[in-house]
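Take a look at the structure set out below.
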């Protein structure tokens, strides 16, 4: 049964979602948010992200990882910070030997809701419905679940799915 680890990286609030195929439906094994308080320096946040992703990898043994692609940011400091958080998680995936795929935010929203410009609340509602959850997941976790589901929907489509 394939298991996919989805990740929505952020220094202070990294969303994760781990899904697996159950019969003909995808179900969530785990989802949540890696929270780093403002008082913690960025370098310690990176360690926390790497360690918690590594722990989740050991627990759930996924077959692939999917992350949100880099979005255009006008503020270079924000771009560097986001890239650092993403890098901490990508390192954990690479150390585990996982194939890693990335998906543009609009593509993820379109796969989750049918609209590339969907609001976060719509993504959360659809993840609840599509994955059989009892509640809407937190926004960052919902995005991560949607990223994993996007990869699940695109597995085997060589022209649209590129390993990074």
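Where a number appears in this text, it was derived from the coordinates with a stated rule and is not lab data. Note that this is a predicted model, so its numbers are computed, not measured. Note that each Cβ is placed from the backbone with ideal geometry, even for glycine, and that neighbours are counted across all protein chains shown.
Here are some notes:
- Ranked by how many other Cβ atoms sit within 10 Å of their own Cβ, fewest first, the residues 90, 149 fall in the order 90, 149.
- Pairs of alpha carbons in the range 1-54 whose separation is greater than 16 Å (percent): 46 percent
- Rounded tilt (10° steps) of 139-154 against the dominant C-alpha axis of the chain: 50 degrees
- Nearest-ten-degree value, helix 42-60 long axis tilted from longest Cα axis of the chain: 30 degrees
- In the chain, the ratio of gyration radius to Kirkwood radius, Rg to Rh, stands at 0.94 when only Cα atoms are counted.
- Nearest-ten-degree value, helix 76-95 long axis tilted from longest Cα axis of the chain: 60 degrees
- Here the peptides 6-16, 20-30, 93-103, 58-68 are ranked by packing, the mean other Cβ count within 10 Å, and the order with the highest first is 6-16, 58-68, 93-103, 20-30.
- Among 41, 123, 53: highest mean-square fluctuation, GNM of the chain, C-alpha pairs under 10 Å: 41
- A Gaussian network model of the chain, with springs between Cα atoms under 10 Å, assigns the largest mean-square fluctuation among 120, 109, 39 to 39.
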